[in-house]
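Asker: One structure follows; several queries about it will come next.
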Amino acid sequence: MRKIRLLLASAILVVVSIATANAEKIDRKSVLERNNPKVTNADPLNSLSVGNGHFATTVDVTGMQSYPLNYQQGVPLCSMSDWGWHSFPNTENLRHEETEKVMDLGHGRKEVYAVEYKVDGRGKKATEYFRINPHRLNLGNVALVIKDGKGQIKEADIKDIDQQLDLYSGVITSRFSALGKPVTVKTACMPCEDAMIYSINSHLLSSGKVSVCLSLPYPSGKHADAATDWGNEDKHASRIIKRTGKSALLEHIIDSTRYYVLIQWEGSAKLVHESTHSYALIPNGKTLNVRVEYKELQPETQGFSFAKSVIEVQKFWNSWWETGAFVDFGDCKDVRAKELERRTVLSQYLTFINCANETPAQETGLTYNSWFGRPHLEMTWWHTIDFSLWNRPEVLETMLEWYNDKAYPEAKKIAERQNFKGIRWMKMTDPWAGESPSNVGSFLTWQQPHYIYMAEEMWRSVCAKPGVTEAEKKAIIAKYGKNVEETAEFLYDFAKSCDHNTGSISLYGQTAMQESMSKDFSYCHPFEQAYFKYGLMKAQEWRERSGKQRREDWDEVIRSLASLPQSEGIYTAGIPTQPFIIADSASQNAGNVAFDPFNYGGDTGKKQLTEEEFKLKCRSDHPAVLGACGLLPDCGLYDRAMMQRTLDWVMQNWNWDTTWGWDYGMTAMCAARLGDGENAVKALLIDKGKNTYLVSGHNYQEPKRLRLYLPGNGALLDAVAMMCAGWDGCPDVKNPGFPQDGKWNVKWEGLRKMQ
């Protein structure tokens, strides 16, 4: 466990195969310093986070989690880990099989899918249970409680706010005044433990008006929130099981879930069991140093020194920033470069602390829950490929171990259940690779070739090492070759089932990457056409690397996959499966449809649309047709001139309010491959709500549920890496994805070419 952070903390990580766009080494610390997030006012969207990839905590202007209720509708104040999960008791013995439905999608076989039943009964109950459970926990809140005569002071009473995250050291310093007295709090996360350290300095500490309060919540089990229910005190249990003069070990039990919290401190203080699930550390002096560690298993109490601990944190982050890849936009003359640098630097930090897990990351990382805290495997591309391009392949390697060890057996069962060969990777899942029922996700296929793409990244990473041996190459093939083969076998079998011996295979019976394109009313989706072909072509290369013969039946499908669909002189999102119906009065206003970002996928059961409805869906949600060019090497399915016309049309006509954060990076990548550097930069900085980047660097989406969206940060990093280092077969020029106008002198180190 904890492979990634142990490697880094031990300074074992080295930069290999460094490519550079400048002769002079970048002063990375200086670049970081000019991009340190600074907060001067209490705003629910301005919270800052520290973490280590496996555990993270988000704090308010006090440097702690003092006002959690104020941040519930912003970026919430949570403490989350990759191991902290819980399931409510299954009192009705619901079975996953009760979510399943036999379907005939035209592939010549009966396919069994895990779907969402909407009608009251056991099917609906099973649907709800297996979507909600398991869910990620908020492990606890650590607050700085300052009281006046009426109780805890309000956040509005916190004055003179001056808070900064020092990226290079990984420490948040929060300065403010309360009750007329200055307060300084230093906050950091330990690199190798799920532990927070705090140093609090103020004359207020000896007044009896200040305490550090640990509160342990009950889970909410909701779709998107802070995973916290401060009620239901009788449904969980907590207690102090061990005390010393400077520490206390707590046990927290929620149904069958049990974990521990170790509190240690320096300075004069006493721990009081304040309420049912709250414990207050009351100081008596002007300085109090505190360490709070969350543990899956009961820990051994060790000594605590804040001074030594913070040095360990600083060494970790100093080493982390000086390894891997880096960019410097400081010499660029284009006024847009400053903001692009800020987004890029902060995205590096945020994707690491939230997504460098040993299990797939959820879209809101370790900050708060979305989709009950569950990861989505189609998002794995956006959560992991950036680590490879930014010269941190060990993160990707660890993720692939989860695919090999945990996900493979379950993915094999899904393919067998649907009567397909090979393995079918699930969509919405959990650390144990369970499949969540869904009327959209269960029918997606664009996560299928991801494994092949990621394995290819590991192959390229090893081959880029100086002095790589044949033994090392063989080891990579042995490690990933089997699952590359079985993933490709599913791609082949699915595609072959769509073959009507016409010499041209258009994939159907799937909901597209562009989820507005449902299996019910569209087929021949452009990204899937290209990605299936890429997957099969690359799998053939893997067979040849391992000394095997190419599969002729795979080559037949590769030759037969249809080119991207066209309409009105550009590439389009798909082809309608049914004739259009005559528009009625209700559909005349189709252009005014309000889209819900959590619930506007195409699988509504409606199989026929008006022409206007179909056209609206074709220009809504993800512009997936651009992904066929941007994410993938050219597989021979499109014409560059027509793809350029398509890009130009999308930039001018797309329904951008329905997009998601990663669409902007994907669009930029398409523009880069086409040699259109100006549109690449424009795409990354389109002025739309879903392309907003907060003070912290988080990619904001919308106010109700997705106030941050890490796939957007990952896509930005993918695009910037590609625009700097290029891609296989790109023009031999400096920073090939940027405008060649002399204004984009981007310096970079360590970036890898994209495939």
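Asker: Whose amide H sits under 5 Å from the amide H of Ile581, counting only residues 5 or more places off or on another chain, with H placed in the peptide plane?
Answerer: Leu609, Thr610, Glu611
Asker: May I ask for the distance between the Cα centers of segment 202-257 and segment 552-579, given as a whole number of Å?
Answerer: 56 Å
Asker: Loop-only trypsin sites (Lys or Arg not before Pro) in segment 280-336, please: DSSP not H, G, I, E or B, and at most 12 other Cβ atoms within 10 Å. Walk me through the intermediate numbers first.
Answerer: Details: sites: Lys286, Arg291, Lys295, Lys308, Lys315, Lys333, Arg336; in loops: Lys286, Lys333, Arg336.
Those that pass, being in a loop and sparsely packed, are Lys333.
Asker: Please order Cys524, Cys463, Cys730 by the number of other Cβ within 10 Å, starting at the fewest. All intermediate terms of the calculation are to be shown ahead of the outcome.
Answerer: Working: Cys524 25, Cys463 12, Cys730 16.
Placing the least packed residue first, the sequence is Cys463, Cys730, Cys524.
Asker: Among Leu717, Leu271, Leu216, which comes first, second and so on when ranked by fewest other beta-carbon atoms within 10 Å? Intermediate results must be reported in sequence, preceding the final value.
Answerer: Working: Leu717 26, Leu271 20, Leu216 23.
Taking fewest neighbouring Cβ atoms as first place, the list is Leu271, Leu216, Leu717.
Asker: Still on this structure, I have one more. With point charges of +1 on the Cβ of Lys and Arg and -1 on the Cβ of Asp and Glu, referenced to the Cα centre of segment 504-589, which listed residue (Ser516, Val557, Gln529) lies farthest in the positive direction of the dipole?
Answerer: Towards the positive end, the residue furthest out is Val557.
Asker: For segment 353-375 and segment 140-166, write down the distance between their C-alpha centroids in whole Å.
Answerer: 28 Å
Asker: For Lys615, list the lysines whose Cα falls under 24 Å from its own Cα; do not include residues on the same chain fewer than 8 positions away.
Answerer: Partners found: Lys519, Lys606, Lys607, Lys688, Lys690.
Asker: OK, next. Step through the table entries Lys101/Lys222; Lys333/Lys682; Lys29/Lys747; Lys315/Lys465; Lys482/Lys548; Lys159/Lys186, compare each Cα-Cα distance with 20 Å, and write down the pairs that go over it.
Answerer: Details: Lys101/Lys222 25 Å; Lys333/Lys682 16 Å; Lys29/Lys747 14 Å; Lys315/Lys465 26 Å; Lys482/Lys548 12 Å; Lys159/Lys186 17 Å.
Over 20 Å apart, Cα to Cα: Lys101/Lys222; Lys315/Lys465.
Asker: Shifting gears a bit: Just want the answer: with Cβ charges of +1 for Lys and Arg and -1 for Asp and Glu, which residue in Ile146, Leu216, Ala488 is farthest toward the dipole's positive end in the chain?
Answerer: Ile146
Asker: Counting only GluC sites (Glu not before Pro) that sit in a DSSP loop (anything but H, G, I, E, B) with at most 13 other Cβ atoms within 10 Å, what is the longest stretch of the chain containing none of them? Walk me through the numbers on the way to the answer.
Answerer: Numbers: sites that count: Glu24, Glu92, Glu300, Glu568.
With GluC sites (Glu not before Pro) excluded where exposed in loops, the chain gives 301-567 as its longest stretch.
Asker: Here's another thing I want to ask about it. Given a cut-off of under 8 Å on Cα pairs at least six residues apart, what relative contact order in percent is computed for segment 334-385? Don't skip to the answer; put the middle values down first.
Answerer: Numbers: 34 pairs, mean separation 14.1, N = 52.
Across segment 334-385, relative contact order equals 27 percent.
Asker: Taking the Cα centre of the chain as the origin and placing charges on Cβ (Lys, Arg +1; Asp, Glu -1), which of Gln418, Gln740, Thr173 is farthest toward the positive end of the dipole?
Answerer: Ranked along the dipole, the leading option is Thr173.
Asker: So, one more: So, with +1 on the Cβ of K and R and -1 on the Cβ of D and E, and no other charges, what is the size of the charge dipole of the chain about its Cα centre, to the nearest 20 debye? Write out the running numbers ahead of the final one.
Answerer: Working: 88 positive and 93 negative charges, 331 e Å.
For the chain, the charge dipole is close to 1600 debye.
Asker: If you build the convex hull over the alpha carbons only and average its shadow over all orientations, what do you get for segment 238-277? Give it in nm² to one decimal.
Answerer: Numbers: hull surface 11.8 nm².
Seen from a random direction, the Cα hull of segment 238-277 projects 2.9 nm² on average.
Asker: Quick one: longest stretch of the chain between exposed loop chymotrypsin sites (Phe, Trp or Tyr not before Pro), exposed meaning at most 16 other C-beta atoms within 10 Å and loop per DSSP?
Answerer: Numbers: sites that count: Trp230, Trp432, Phe580, Phe595, Phe598.
It works out to 1-229.
Asker: Cα gyration tensor of segment 330-749, axes a ≥ b ≥ c as square roots of the eigenvalues: rounded (a/c below 1.5), prolate (a/b > b/c) or oblate?
Answerer: Values: a/c = 1.31, a/b = 1.03, b/c = 1.28.
It comes out rounded by the Cα gyration axes.
Asker: Counting other beta carbons within 10 Å of each residue's own, what order do Asp621, Asp160, Asp225 fall into, fewest first?
Answerer: Numbers: Asp621 25, Asp160 11, Asp225 19.
Sorted ascending by nearby Cβ count, the order is Asp160, Asp225, Asp621.
Asker: Hey, with R₀ at 56 Å, roughly what FRET efficiency would Arg545 and Val272 work out to, going by the Cβ-Cβ distance, to 0.05?
Answerer: Details: r = 64 Å, r/R0 = 1.14.
Plugging the Cβ-Cβ distance into 1/(1 + (r/R0)^6) gives 0.30.
Asker: List the relative contact order of the chain as a percent without decimals, with contacts defined as Cα pairs under 8 Å and 6+ residues apart.
Answerer: 15 percent
Asker: Could you work out the pair-distance distribution P(r) of segment 390-485 from its alpha-carbon pairs, with 5 angstrom bin width and percents rounded to whole numbers?
Answerer: Going from the shortest bin to the longest, the percentages are 2, 12, 22, 23, 17, 11, 8, 4, 2, 0.
Asker: Could you tell me which of rounded, prolate or oblate describes segment 328-379, using a ≥ b ≥ c as the square roots of the eigenvalues of the alpha-carbon gyration tensor, with rounded for a/c under 1.5 and, failing that, prolate when a/b is larger than b/c and oblate otherwise? The partial results should precede the final answer.
Answerer: Values: a/c = 3.43, a/b = 2.92, b/c = 1.17.
The shape class here is prolate.
Asker: Additional query: What whole-number volume per residue, in cubic angstrom, does the convex hull of the C-alpha atoms of the chain give? Kindly include the intermediate steps, with their values, before the conclusion.
Answerer: Values: hull volume 123.6 nm³, N = 755.
Taking only Cα atoms, the chain has a hull volume of 164 Å³ per residue.
Asker: How far is the Cα center of segment 383-418 from the Cα center of segment 639-707, in Å?
Answerer: 27 Å
Every read-out reported here was derived from the displayed coordinates using simple, explicitly stated rules and does not represent laboratory data. Since the model is a prediction, treat every value here as computed from it, not as a measurement. Using ideal geometry, Cβ is built from the backbone for each residue, glycine included, and neighbour counts are taken over all protein chains shown.
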